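Below: one structure, written as structure tokens.
The values are calculated or read from the model by the stated rules, or taken from the named source; none is laboratory data. Owing to the predicted nature of the structure, the values given are computational and were not obtained by experimental measurement. Quick reminder, even Gly has a Cβ in these numbers, built from the backbone with ideal geometry, and neighbours come from all protein chains shown. Heads up: the accessible areas ignore ligands, DNA and RNA and are worked out on the full protein's heavy atoms, side chains in. Shrake-Rupley method; radii C 1.70, N 1.55, O 1.52, S 1.80 Å.
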Amino acid sequence: MIRIGITGHRNLDPDVIGAVAGLVKAQLEPYGCEMVGLSCLADGADAVFAEAVVTAGAPLEAIIPAAGYREALPAEHHPVYDHLLEQAVLVHELPHRESAPRAHMAAGRLLVEQCDHLVAVWDGEPARGPGGTADVVAYARALDRPVTVLWPEGAKR
């Protein structure tokens, strides 16, 4: 069984989210329920990926960067986050208190270390802050972890 992790952008426009959902679904489809998905469940790419994993009937593992993580996510995302967290068969909780870049990078590192393949919903631009998508991709590549980059053609952040 392959373990697939997700890293990707948050705060995406609805049209970009729709396109990302299609790309993620197509990427995961060959694995069906023969995969384990790993996600931090944030709004954007993480949640789209986690929903695709659950829909495929595959196990979902959640990685929670910090005790204050949920509260730091947009309030409108809380119901989605809570639902996906309930679906997780395993939850990895990091010891950080604050949902800050250091905690996010630690979660990204753990996710990469726990997966066999990383899917990155990434526009190819540098991270906007420490622990961003580009940093997680760089870490995966440093460990020679296979990375598949998905980004809708012509999409903007």
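Here are some notes:
- When the solvent-accessible area of the chain is split by element, carbon and sulfur atoms take up 52 percent of it, the probe being 1.4 Å.
- Stokes-Einstein D for the chain, Kirkwood Rh over Cα pairs, 4 °C, 1.567 mPa s (µm²/s): 85
- In the chain, Cα pairs under 8 Å separated by at least six residues give a relative contact order of 28 percent.
- Solvent-accessible surface of the range 23-132, taken per residue with a 1.4 Å probe and all protein chains present: 46 Å².
- Springs between Cα atoms under 10 Å define the GNM used for the chain, and in it the highest mean-square fluctuation of Leu118, Leu90, Leu143 occurs at Leu143.
- Net charge over other residues, Cβ less than 9 angstrom from the Cβ of Ser39 (K, R count +1; D, E count -1): -2
- Extended-chain gain in nm, criterion 0.36 nm per residue less alpha-carbon gap, Asp144 and Ala75: 21.2 nm
- Model label points for Ile2 and Leu85, set 7 angstrom from Cα along the Cα-to-Cβ axis, are 3.0 nm apart.
- Magnitude of the charge dipole, the range 36-107, Cβ model with Lys/Arg +1 and Asp/Glu -1, debye to 20: 220
- Cα-centre dipole for the chain with unit charges at Cβ (Lys and Arg positive, Asp and Glu negative), debye to 20: 380
- Using a cutoff of 8 angstrom between alpha carbon atoms and counting only pairs six or more residues apart, the relative contact order for the range 20-76 works out to 37 percent.
- The range 64-144 - percent relative contact order, Cα under 8 Å, separation 6 or more: 30
- Restricting attention to the range 1-128, close to 0% of DSSP beta bridges with both partner residues there are antiparallel.
- Judged by the mean number of other Cβ atoms found within 10 Å, the most tightly packed of the peptides 54-66, 21-33 leads the ranking 54-66, 21-33.
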